[in-house]
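Contents: one structure, followed by commentary.
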Amino acid sequence: MNVLPTPVLLAVDWWALGAVLALSAGILLLLLLEFFPAQARSNRSAIVALLTLAAAGWSVFHVRDAKREIFGGMFVHDGFTVFFTLLFCAAGALAVLLSWDYVKRTRINQAEYYALLLSATAGMIIMAASNDLITIFLGLELMSLALYVLVGFQRHHLESNEAALKYFLLGAFASGFLLYGIALLYGATGTTGLGQMAAVMIDSPMLGNPLFLLGGLLLIIGFGFKVSAVPFHMWTPDAYEGAPTSITAFMSVGAKAAGFAALLRVLMRAMGDVQADWIPILSGLAILTMTVGNITALLQNNLKRMLAYSSIAHAGYVLIAVVAGGRDGAASALFYLAIYAVMNLGAFGVLTLLGREREERVLISDLAGLGFRHPALGIALTLFMISLGGIPPTAGFMAKVYVFSAALNAGLVPLVIIGVLNSVVAIFYYLRVTVALYMEEPQGEPVYVSWATPGVIALIASVVLTLWWGIQANGLLAAAQRSVLGLL
Amino acid sequence: MNLPLLWIIPALPIAAVALNLLVGDRLGRRGIAWLACGAVGLAFLAAVRAALTLAALPEGERQVVETAYTWMRVGDFSIQVAFLLDPLSTVMALVVTGVGFLIHVYSVGYMAHDPSYRRFFLYLNLFMFAMLTLVLADNLLLMFVGWEGVGLCSYLLIGFWYERPSAAEAGKKAFIVNRIGDFGVILGMLMLFTYGGSLQYERLFAMAPHVFALGGGLITGAMLLMFLGATGKSAQLPLYTWLPDAMEGPTPVSALIHAATMVTAGVYLVARCHVLFELAPVALQTVAVIGAATALFAATIGIAQNDIKRVLAYSTVSQLGYMFLACGVGAFGAAIFHLMTHAFFKALLFLGAGSVIHALSDEQDLRRMGGLASRLPWTHATMLTATLAISGIPPFAGFFSKDEILHGAFASGHHVIWLVGLIGAALTAFYMFRLYVLCFRGPSRVTPEAAHHLHESPPTMIVPLVVLAALSVVGGWVGLPLLAGGHPFERWLAPSVESAAGAHGEAAAHAMSAGGAWLLMALSVAVALAGIALAVRAYLQDPEIAGRLRERLRVVHAVVFHKYWVDEIYDALVVSPIYRLSRWLWRVWDVKVVDGTVNGVGFTFEGVSAVLRLFQTGFVGTYALIFTIGVAVLLYHFLRG
């Protein structure tokens, strides 16, 4: 049983909750500021959002070495939390920079946009920091509800509406599974706390307890939906394509990382003893996810859709890391997610610059000849594609190397072979982008590039990190390895 | 100790890349040419300096590692960005920078009229950086960075004239076929890292005999996977198909990347990892067999091709086969020796062919050449030198290295492989002299408009030809058995490529009587002369013979002319199934019917209702259905298990 938090409110270590508090304050501020009408092209909301994210990031960073539990252990502040909080804040900040001009030109520049973006970030942080199934669910819903609205934020855009509705309906469907799983786990162990669950298992092993195993399975399905694992991925291409591109960029990395954060913590903290039961299931999901993602991506002509399938495939690679487990497996998942975040945000970031006003120019054929007309943009997009494809000396290569070597160390030879084969196939569609950039002539009017300083800053940051983590991976690697110590 | 400053060798070309990117548009053509050639020239000087530093060390200590920083640390293992200078990497660095420099200079003339001058030298310098990283790396992972880098540059340079669809296609093909090979390298590397405990050469090689059983499944698998990578990069069976198509690139690129340097990376990899290959006799045997088979197979195709660059491409495939053959029989020193001499004469052949193509206003078909000897005296003289060298006529460079290989094969008891190599040598002499005769001798078949513009190439193109011609003559002499106490080249390489088995092979070789060695040598010269004589007879003295032969061996000719239909077979067996699978998956997993209809209807009430109706009746339901099926399958699996 959970002991209710003692009424001594002051005993709560608020610093451990700093990021979420900062974000909540920022959200309130944004909504309050709406009472003072601003011009359509105002930067006010974006600046507030950016500062909020910076404050949230700083608030965890400056207590990064502390390890605390609050609210009766429902919420923990450890290396894992810090790593993911910083990741979400950074992804959020890059998304704000990419949105800056994009929302103005697509005329969705409203304070709510940024408020929802911050809510989603807060939800992600809660998911990563939760040590209890109930709070995980809370975080997940906070994140999801915000994202449902954001996906449909282009109210006058039919595809955006369609995408939001589909995402919402299927998301609700998946949440049902998740909740049911939590209920079963509660029934089996009498607790929703991950730590207590682990303790129960030491006393009376849950091996073979169908209630427990079924609950865990439903949990995996629920998280599988959020990280778009096949066959729970069907919403992904539609939602990614319909959403405003800046939101696609954000959710493709944030929601995925949050899903994996929760999955990792649940599996490693609460279900370590029954890991053998999950390995075949997660392995099967990993294989299916990589293969379906990569092969379906081959024929896509819409870049957002192609990158959606690519993001499905990347979820498959991370699943390999999850299956590998242990220190290196978990650390390689974190490492991969961080690198995936910068390169994928970069790739979508380039797309946010294409087209004028509300025009969407995201077909591969729209890129024709772009590499010569805008060399810097061409090089940046090529770099992101190379990195997503896992070719050295980019960060994407190091990420794959670490995941595959961790998996091989765990003896997952077939999984590694399928993973490497997949990464070979994947090159083909990433290459199509560079072929279009440099080896095709534009048909019709060449795409217009809406240059915007904040977007360019975000792209430069992504380029630098994509290269830097390829050339000097050690810093991030060490951070990832330190961050998972608390889970073991 | 005097530090050799290794990092500066790859740093020079990458610095040139950076400068070209930053200020290239202000430099003008002259400036770009100076920048690109200067950087590679300086890199060559730096390599020479490093070689001299190394040579000054006593023989046992010729191995210098220069660590830049720690790249990544996994558990107890760390991977450094570090460079290794030893006899093998010295030879490679000298060949890459030396031949590379000459080809850069040649390109200044060859590409003079190309609008994308700057882009060309940008890619070329980037390639030099990647190639030097590949050969100087101190561990497999850094080597792989160079490995992928050269692949990428090769792709960019093959597709350099992307306006031609065939060039863009060829570039893509090269890249994708190479990815299949890379799949092998990545897996092999991961296996070595996991079970061998390190990727750093010295540690890995020291550890390997203790952790891998001789001939064990693990090491055999790992080395076969590595060799798969080598067959991709070095265009061996079954992954050679990209190289002939790669001739779509500018000719200097064919010379630099697809003859002298990049395609030899696979040979380098095998020689570098010879300690590991020797632990896996099955893998080594495979290397020998694949090498010999490719040497013969590609030579037969080379006989029937009419495009001057394609003949040379198949010849390159065949010669690389010889190098692998040498590795496979344990004669690693001979393989690197042939790698070096081949770099000289094959680069020369390509550059010479480029000079011919240039002179004939972009004509590549041998059937529209002929009689060019007097019109292009420099090109002719240098090409003849190279042709003699590749045919294995003493005292030209190719004779020594090829003889060394055949000798190694015979002496180590691989008699069948030796015989295949010998037949290949005869075919080589035949198709090369066919090319020579069709191009330079006999009556002119040049089209009138090409004849009108016919001119010898400018000095920036001729000078590299002459230097390479000189190297094609004397380059083999470093392997003279009689010179300076016997074979200085092999003795120089010995610390890098010799080991228990190598020494064994050496002993066996020495066991062969001197008379036997002379006999082998005489035999290989004899078959080469026979090949030459036949080619001269069939294509110069009595052209009827060629026609009659073609008539009589119609089936054989058709098979060879169509390159054994390998491309078509691959297309049917590999490419279209993947394509079909993707289409099928697309249809099953990506039920997107809304596309056109919704966009057309626009934001109207009918539109909304149409969409909503779609929601209610179909799509989300489909998605949820698939979701549920997934759940059901998992549950079933779970409850059953």
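The values are calculated or read from the model by the stated rules, or taken from the named source; none is laboratory data. Worth saying up front: this structure is predicted, and the values here are computed from it rather than measured. Don't worry about glycine lacking a Cβ; one is built from the backbone with ideal geometry, like all the others, and counts go over all protein chains shown. Calculation scope for accessible area: heavy atoms of the full protein, side chains included, ligands and nucleic acids excluded. Shrake-Rupley method; radii C 1.70, N 1.55, O 1.52, S 1.80 Å.
General remarks:
- Between A and B, buried accessible area from a 1.4 angstrom probe totals roughly 6400 Å², ignoring ligands, DNA and RNA.
- Nearest-10 value in Å² for the accessible area of A:VAL456, using the 1.4 Å probe: 40
- In order along segment A:36-52, the Karplus-derived 3J(HN,Hα) couplings, from 6.51 cos²θ - 1.76 cosθ + 1.60 at θ = phi - 60°, round to 9, x, 10, 6, 4, 9, 5, 9, 3, 5, 4, 5, 4, 4, 5, 5, 4 Hz, and Gly and Pro are given as x.
- Here the gap between B:HIS453 and B:ALA546, fully extended at 0.36 nm per residue and compared with their Cα-Cα distance, gives a gain of 30.4 nm.
- Mean projected area (nm²) of the alpha-carbon convex hull when the protein assembly as shown is viewed from all directions: 47.4
- Length available on full extension from B:VAL555 to B:ALA11: 0.36 nm per residue minus the Cα-Cα distance, which gives 190.5 nm.
- Rg(Cα)/(2.2 N^0.38 Å) for segment A:5-487, N = residue count: 0.92
- Annotation: lysines with alpha-carbon distance below 27 angstrom to B:LYS402 (same-chain offsets under eight excluded): B:LYS233, B:LYS309, B:LYS346, B:LYS563.
- Solvent-accessible surface (1.4 Å probe) assigned to B:LYS173 amounts to roughly 50 Å².
- Neighbouring Cβ atoms from other chains, within 10 Å of the Cβ of residues in A:293-304, number 4 on average.
- In chain A, Cα pairs under 8 Å separated by at least six residues give a relative contact order of 16 percent.
- Computed over protein heavy atoms with a 1.4 Å probe, the carbon and sulfur contribution to the accessible area of segment A:5-487 reaches 69%.
- In this simple spin-label model, placing a label point 7 Å from the Cα along the Cα-to-Cβ direction at both B:LEU529 and B:THR70 gives a separation of 6.5 nm.
- Computed over neighbours whose Cβ is under 14 Å from that of B:GLY421, the net charge equals -1, Lys and Arg +1, Asp and Glu -1.
- Per-residue 3J(HN,Hα) values for segment B:445-460, derived from phi via the Karplus relation 6.51 cos²θ - 1.76 cosθ + 1.60 with θ = phi - 60°, read 10, 5, 5, x, 5, 5, 4, 5, 8, 3, 8, 6, 6, x, x, 4 Hz in sequence order (x marks Gly and Pro).
- Remark: mean inter-chain Cβ contacts per residue of A:149-162 equal 2, using a 10 Å Cβ-Cβ cutoff to other protein chain atoms.
- Cα long-axis angle, helix A:395-409 against chain A (0 to 90 degrees, to the nearest 10): 30
- Measuring only protein heavy atoms, the 1.4 Å probe finds A:LEU28 accessible over about 110 Å².
- Put simply, the amide H of B:ALA280, placed in the peptide plane, has neighbours under 5 Å in B:GLY215, leaving out anything fewer than 5 places away on its chain.
- Theoretical gain in end-to-end length, B:ASP365 to B:GLU169 [0.36 nm per residue, Cα-Cα removed]: 68.5 nm
- Around the amide H of A:ASP132, modelled in the peptide plane, lie the amide H atoms of A:LEU194, all under 5 Å away and 5 or more residues distant in sequence or on another chain.
- Residues A:VAL413 and B:ARG203, FRET efficiency given R0 of 30 Å [Cβ-Cβ distance, rounded to 0.05]: 0.80
- Whole-number accessible area per residue in Å² for the protein assembly as shown, which is evaluated in the context of all protein chains at 1.4 Å: 35
- Between the C-alpha center of segment B:525-572 and that of segment B:209-233 there is a gap of 37 Å.
- Angle in degrees between helix B:514-536 and the longest Cα principal axis of chain B, rounded to the nearest 10: 70
- Reducing segment A:412-449 and segment A:236-297 to their Cα centroids gives an inter-centroid distance of 21 Å.
- Kirkwood hydrodynamic radius of chain B, Cα pairs, Å: 26.2
- Alpha carbon centroid spacing (whole Å) that separates segment A:40-100 from segment A:174-192: 29
- Annotation: lysines with alpha-carbon distance below 29 angstrom to A:LYS256 (same-chain offsets under eight excluded): A:LYS67, A:LYS104, A:LYS166, A:LYS226, A:LYS304, A:LYS400, B:LYS592.
- Between 0 and 90°, nearest 10: helix A:210-226 axis offset from chain A longest Cα axis: 20
- Under Karplus coefficients 6.51, -1.76 and 1.60, residue-wise ³J(HN,Hα) of segment B:355-372 in Hz, glycine/proline x: 4, 5, 4, 4, 5, 8, 6, 6, 8, 10, 8, 4, 6, 10, 10, x, x, 8
- Dividing the summed helix terms, -39500 (n - 2.57) for each DSSP H run of n ≥ 4, by the number of residues in chain B produces a 222 nm estimate of -24000 deg cm²/dmol to the nearest 500.
- Here the label points at B:ALA18 and A:TRP15, each 7 Å from Cα along the C-beta direction, are separated by 4.0 nm in the simple model.
- Radius 13 Å from Cβ of B:ALA137, net charge of other residues (Lys, Arg +1; Asp, Glu -1): -4
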